[in-house]
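Asks: Attaching a single structure in structure tokens format; questions to follow.
The values are calculated or read from the model by the stated rules, or taken from the named source; none is laboratory data. Because the structure is a prediction, the values reported are computed rather than measured. Here the Cβ positions follow ideal geometry from the backbone for every residue, glycine too, while neighbour counts run over all protein chains shown.
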Amino acid sequence: MNDIGASFVAVETAPTPHEIAGDARISVIMVVYMTGEALEQSLTCVLADPQVNEFIVVDNGSDAREAAILDAYAGRYPQMRLVRGQGNVGFARGANLGAERAAGEVLIFLNPDAFLQPGGPRALAKAVLDGKAMRLVGGRVLNADRTEQRGARRGEITPIAALLSLSGLTRRAKALRRYEVHWENEAAPAGLCPVPTISGAFFAMRRADYARLGGFDEGYFLHVEDIDLCWRVREAGGEVMFHPKAEVVHLGHTSRASPLRVELYKGLGLARYFRKRAHGLGEAVAAWLLWPLVVGAAIVRPLLWRLTGRAI
């Protein structure tokens, strides 16, 4: 195992899983594709948590090295199951394949470059089960220095807000700050609180509720499927919550996939989302007219990263 993130959790054997409340069980679902150096530590952190009863890893087409790592872990830990053979079907489809095979009452979705922190799965599961209605609960996503990462709690994402946020104008012009969708610079709440949107990097739902909604919309290949799911939960009368005490350390940018391709999928996903949720002819026309700007703003970002050496 490499030493990335070794300061967070490192174990040689997994403790025996036990129940969090009554007969409730937790299934963690992780979709893996060209993850890079963070993969081993991410796997180890999940398998170290005594509250995780089942760990389903959906391999969307790893190279020989990562496939060997997954095989080694699956052979060592009986609670880990591999789903393979479907090829790179995208994140949404991969996550749904994992959910279809899960037995837990609570599903926790986790990115493969994120490191679970102690108590995180239990906190998310308890928050989900305490809700009387359909509830989606996202955890606090941290950078390696433990500052809150961009995207874990967000406002309502509209075409104008997305354009202004993607361009960075909301952080440069005071008059536009009300359109900023990212709330990581605001003080963290003391406890569980409602938000419009959370990050798909680390969140939980009841398996029955996830199935009731049909899971992620597989029309999204990569990115925005989490925004869409949050919107559909709220449309169905459920609630989206942010849990500041359930934490993961998310490295980000460890994938060996092309950043330009990743941002293109993000732009296309946003454009699709705005078309999908448009009400009436006027909003539908606006969504179609704005989609080239949304996609363009998304794909320009990795080019600017390369020029400036930092994200905008």
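Each row is one residue, and each column tells you yes or no for (1) modelled with pLDDT of 95 or more; (2) surrounded by fewer than 20 Cβ atoms within 10 Å (Cβ to Cβ).
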residue: VAL248; (1), (2): yes, no
residue: GLY252; (1), (2): no, yes
residue: LEU270; (1), (2): no, no
residue: LEU293; (1), (2): no, yes
residue: LEU304; (1), (2): no, yes
residue: ARG310; (1), (2): no, yes
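Asks: Can you tell me how many residues within the stretch 110-132 are under 15 Å from the mean Cα position of the chain (by Cα) and assigned to a loop (DSSP other than H, G, I, E, B)? Steps first, answer last, please.
Replies: In the first step, residues of the stretch 110-132 are kept if they are under 15 Å from the mean Cα position of the chain (by Cα); the result is 110-116, 120-121, 124.
Within this subset, residues satisfying the condition of being assigned to a loop (DSSP other than H, G, I, E, B) are 111-113.
Going through the stretch 110-132 one residue at a time, the tally reaches 3.
Residue-by-condition table, conditions (1) closer than 16 Å to VAL240 by Cα; (2) modelled with pLDDT of 95 or more; (3) in contact with a strand residue (DSSP E or B) (Cβ under 9 Å, 6 or more places away or on another chain):
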| position | (1), (2), (3) |
| --- | --- |
| THR158 | no, no, no |
| GLU180 | no, no, no |
| GLU184 | no, no, yes |
| LEU192 | yes, yes, yes |
| GLY215 | yes, yes, no |
| ILE227 | yes, yes, yes |
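Asks: Quick one: how many residues across the stretch 27-59 are of a type in the set (Gly, Ala, Ser), out of contact with any Leu (no Cβ under 6 Å at 6 or more places or on another chain) and buried (at least 22 other Cβ atoms within 10 Å of the Cβ)?
Replies: Initial filter on the stretch 27-59 (of a type in the set (Gly, Ala, Ser)): 27, 36, 38, 42, 48.
Filter again for out of contact with any Leu (no Cβ under 6 Å at 6 or more places or on another chain), leaving 36, 42, 48.
After this cut, where a residue has to be buried (at least 22 other Cβ atoms within 10 Å of the Cβ) as well, the list is 42.
So the answer is 1.
Asks: Given the criterion buried (at least 19 other Cβ atoms within 10 Å of the Cβ) and either within 16 Å of the chain's Cα centre (by Cα) or in the same structural domain as ALA204 (by TED's automatic domain parsing) (or both), identify the matching residue among GLY87, GLY75, GLY94. Spell out how you get there, then give the answer.
Replies: Numbers: GLY87 fails: buried (at least 19 other Cβ atoms within 10 Å of the Cβ); GLY75 fails: buried (at least 19 other Cβ atoms within 10 Å of the Cβ).
None of the other options fit; the residue is GLY94.
Asks: Give ARG81, ARG65, ARG93 a once-over and let me know the one that is part of a strand (DSSP E or B) and of a type in the set (Lys, Arg). Explain how you work it out, then say what you get.
Replies: Values: ARG65 fails: part of a strand (DSSP E or B); ARG93 fails: part of a strand (DSSP E or B).
Being part of a strand (DSSP E or B) and of a type in the set (Lys, Arg) holds for just one of ARG81, ARG65, ARG93, which is ARG81.
Asks: May I pose another question? Please tell me if LEU107 is in the same structural domain as PHE202 (by TED's automatic domain parsing), part of a strand (DSSP E or B), buried (at least 17 other Cβ atoms within 10 Å of the Cβ) and out of contact with any Cys (no Cβ under 9 Å at 6 or more places or on another chain).
Replies: Working: in the same structural domain as PHE202 (by TED's automatic domain parsing): yes; part of a strand (DSSP E or B): yes; buried (at least 17 other Cβ atoms within 10 Å of the Cβ): yes; out of contact with any Cys (no Cβ under 9 Å at 6 or more places or on another chain): yes.
In short, yes.
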